[in-house]
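First comes the structure, then the notes that go with it.
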Amino acid sequence: MTALLPLPAAYHGMHPAPTQADYERVNWREPLPRAARVRVRRHTCDCRPIAYELCQAGGLCFVRRIYQTDGIVTVESEWLRAVLAEQLWSKILLGQAR
Ligand SMILES: [Zn+2]
């Protein structure tokens, strides 16, 4: 999470599309220690100040938003069934949700 320097293209991960005009506002919340083990299934490139992770914990999934400023500010979407979390993830990648 410290890579803010320019990287050769091959080292970059996915970059979300720019925010669309009619984007949906995600109800970001403070992260809660709800699960002992959270698995990151997908993530966007951390060269950007804001990175997203699609996480799974038990039977539920959520998207984590990580904002790197002077420190790191992490918030989470609501916890959803996998299929709904995948939809949210796609919208974030397409710039349709933020
Ligand atoms: Zn990148």
Out of the total accessible area of the chain (probe 1.4 Å, heavy atoms of protein only), what percent is carbon and sulfur? 54
I need the peptides 27-40, 75-88 ranked by packing, meaning the mean over residues of other C-beta atoms within 10 angstrom, with the highest value on top. 75-88, 27-40
With 0.36 nm assigned to each residue of separation and the Cα-Cα distance removed, residue 47 to residue 83 gains 10.2 nm
Could you work out how far helix 82-93 tilts from the main Cα principal axis of the chain, as a 0 to 90 degree angle to the nearest 10? 20
In a shell of Cβ-Cβ distance under 13 Å around residue 26, excluding residue 26 itself, what net charge do Lys and Arg (+1) and Asp and Glu (-1) give? +3
With bins of 10 Å, the percent of all Cα-Cα pairs of the chain per bin from 0 is 15, 48, 31, 5
Where only protein heavy atoms count, and the probe is 1.4 Å, what is the accessible area per residue for the chain in Å²? 64
Using a Förster radius of 35 Å, what is the FRET efficiency between residue 21 and residue 57 based on their Cβ-Cβ separation? Nearest 0.05, please. 0.60
With r defined as the distance between the Cβ atoms of residue 36 and residue 72 and R0 fixed at 22 Å, what FRET efficiency is calculated, to the nearest 0.05? 0.55
Placing unit charges on C-beta atoms (Lys and Arg positive, Asp and Glu negative, everything else neutral), compute the dipole magnitude of the chain about its Cα centre in debye, rounded to 20. 260
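The values are calculated or read from the model by the stated rules, or taken from the named source; none is laboratory data. A quick note: this is a predicted structure, and the numbers were derived from the prediction, not measured. We place every Cβ from the backbone using ideal geometry, glycine too, and count neighbours over all the protein chains shown. Quick note on the areas: whole protein, heavy atoms, side chains included, nothing else; ligands and nucleic acids left out. Shrake-Rupley method; radii C 1.70, N 1.55, O 1.52, S 1.80 Å.
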